[in-house]
Amino acid sequence: MQNRQGWIRILVVALVMSGCAVRPPEAPVEPMTASVELEGSPAMALLQRAESARQQGQGAAAERYLERALNIAPDSSWLYRELADLRLSEGDARGAEGFALKALRLAPDHDDYQASLWEMVATARDRQGDRDGARDARSRAAALRNPVARPV
């Protein structure tokens, strides 16, 4: 009888331990896009107009559309990201860095998206001659893209 109870105890412990060892698969992370952040917002239409104006070489018009979109969605990280990208393309590295940092402050918890913003900050800092700042921004981007290397 004791032998049987011993086997039952071992079986119960083994089942409990095997249940603890199994991790559910991680859900795939949806890429961060404007449509994810601005879904259903009138700001999305203004963003599309800004993209169209930019493609036609009308940077000033694109900026006006983005600023109007920010009046509608002032907490949109994506809109600040677009302004940063526009400023980079126009050669305004200081303005680009400011908008990219603002986008980071508002960014959702999405490692790839935040890493892309840190890369934008690095590019802006490089263009301003801030090599140390650019290196720091790139290391932050790398840490986000490689969570194993990130401190716990």
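What follows draws every value from the coordinates through simple rules; no lab data is involved. This one's a predicted model, so the numbers in the text were calculated from it and none came from an experiment. We place every Cβ from the backbone using ideal geometry, glycine too, and count neighbours over all the protein chains shown.
Is the shape of the range 57-113 rounded, prolate or oblate, going by the alpha carbon gyration tensor and its root eigenvalues a ≥ b ≥ c, with a/c under 1.5 for rounded and a/b larger than b/c for prolate? All intermediate terms of the calculation are to be shown ahead of the outcome.
Values: a/c = 2.21, a/b = 1.30, b/c = 1.70.
Here the range 57-113 falls in the oblate category.
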**Request:** Please give the peptides 94-102, 115-123 ranked by average Cβ packing (other Cβ atoms within 10 Å per residue), highest first, as a rough proxy for protection.
**Result:** 115-123, 94-102
**Message:** Whole-Hz ³J(HN,Hα) for each residue in the range 64-80, computed from phi via Karplus 6.51 cos²θ - 1.76 cosθ + 1.60 with θ = phi - 60°, x for glycine and proline: what do you get?
**Reply:** 4, 4, 5, 5, 5, 4, 5, 5, 7, 10, x, 9, 7, 4, 4, 5, 5
**Fill in**
Expressed to one decimal in nm², the mean projection of the alpha carbon convex hull of the range 76-152 is 4.7 nm²
**Asked** Got a sec to turn the phi values of the range 102-119 into Karplus ³J(HN,Hα) couplings, 6.51 cos²θ - 1.76 cosθ + 1.60 with θ = phi - 60°, whole Hz, x for Gly and Pro?
**Response** 5, 4, 5, 4, 9, 5, x, 6, 9, 4, 4, 5, 4, 4, 5, 5, 5, 5
**Request:** Between the alpha-carbon centers of the range 50-72 and the range 83-149, tell me the distance in whole angstrom.
**Result:** 21 Å
